[in-house]
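Q: If you scroll down you'll find the structure; I have some questions about it.
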Amino acid sequence: PAVTAGTDDLLVQITSALGVPRDVLPAKVQIDRTWDNLPRLLSIIPSELRDERMIQLCVAVSVGLFDSAINYVWNSTIVELRQKVTRFGLPIVAQLTSKTLDQSKLLEMMDHDLLKLCLELNLITEEGYFKLDQCRAIRNSFSAAHPAMGALDEDEVVNFISRCAREALSDVNVPAGVNFNELIAAIKAGQFNTD
């Protein structure tokens, strides 16, 4: 929807009320450009992954809170990567990596380690790993999650959202792993004939 038409007036009123210059936030043209790109970027993301974080992303973009916008899409990325690992199968991940992994350890895993694990399991490509690792570094240095080193412009925000959408959020068809306990039980219980 065309919600950014009144954004600049609102931001001028808020910044004036607080006694800070309007230019502490992105200019209206930057907000409009980012907003205009959102439908294309969101169309990459399957509807089942469009949740409250996507709404928060849209609201943040609409008022120029680019540092918050990238944080919301990054959080969605991490949640989806964890889901991909879970769908792959935690028992098989543990066997492939020779490390014990359960849901609590997966939730505690640092973003960098999660990206490495997803690459190791072929849940993301090498190119995807490279791009998402750059996003991780940008998120850590330029988002609302931590004190920011600086500000991102509209092109950087669009690129960040695009990378997360393409490399992590768009591929819901991840190969499923095999639960070896169930496989062995099925083999032991099965009746086999010469065919």
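The values are calculated or read from the model by the stated rules, or taken from the named source; none is laboratory data. Values in this document were obtained by computation on a predicted structure and should not be read as measured data. Glycine also receives a Cβ, built like all others from the backbone with ideal geometry; neighbour counts cover every protein chain displayed. Remember, those area values only see protein heavy atoms, side chains included, never the ligands or the DNA or RNA. Shrake-Rupley method; radii C 1.70, N 1.55, O 1.52, S 1.80 Å.
Q: With Kirkwood's inverse mean 1/r over C-alpha pairs for Rh, give me the Rg to Rh ratio of the range 8-58, two decimals please. Present the calculation step by step, with values, prior to reporting the outcome.
A: Working: Rg = 14.5 Å, Rh = 12.9 Å.
Here Rg/Rh amounts to 1.13.
Q: Against the longest alpha carbon principal axis of the chain, how many degrees, from 0 to 90 and to the nearest 10, is the axis of helix 154-164 turned?
A: 10 degrees
Q: Quick one: pull the percent of accessible area on the range 1-118 belonging to carbon and sulfur, 1.4 Å probe, ligands and nucleic acids left out. Display every interim value, and only then the final one.
A: Values: 3630 of 6120 Å².
That share works out to 59 percent.
Q: While we're here: Rounding to the nearest 10 and keeping the result within 0 to 90°, find how far the Cα-based axis of helix 28-44 lies from the longest principal axis of the chain.
A: Its long axis makes an angle of about 20 degrees.
Q: Near Asn37, within a Cβ-to-Cβ distance under 11 Å, what is the net charge of the other residues, with Lys and Arg +1 and Asp and Glu -1?
A: Values: positive: Arg33, Arg40; negative: Asp32, Asp36, Glu154, Asp155.
That sum, taken over residues with Cβ under 11 Å, equals -2.
Q: Sticking with this structure for a sec: By how many degrees, 0 to 90 and rounded to 10, does the Cα axis of helix 111-120 deviate from the longest principal axis of the chain?
A: For 111-120 against the chain, the angle is about 40 degrees.
Q: If the cut-off is 21 Å between C-alpha atoms, which lysines fall inside it for Lys131, apart from same-chain ones fewer than 8 positions away?
A: By straight Cα distance, Lys131 reaches Lys84, Lys116.
Q: Tally Lys and Arg at +1 and Asp and Glu at -1 over the other residues with C-beta under 12 Å from the C-beta of Ser62: what net charge comes out? Please report the intermediate quantities before stating the final value.
A: Numbers: positive: Lys28; negative: Asp8, Asp32, Asp36.
Residues near Ser62 contribute -2 overall.
Q: Could you work out the percent of alpha carbon pairs in the chain separated by over 27 Å, rounded to a whole number?
A: Cα-Cα pairs in the chain separated by more than 27 Å: 40 percent.
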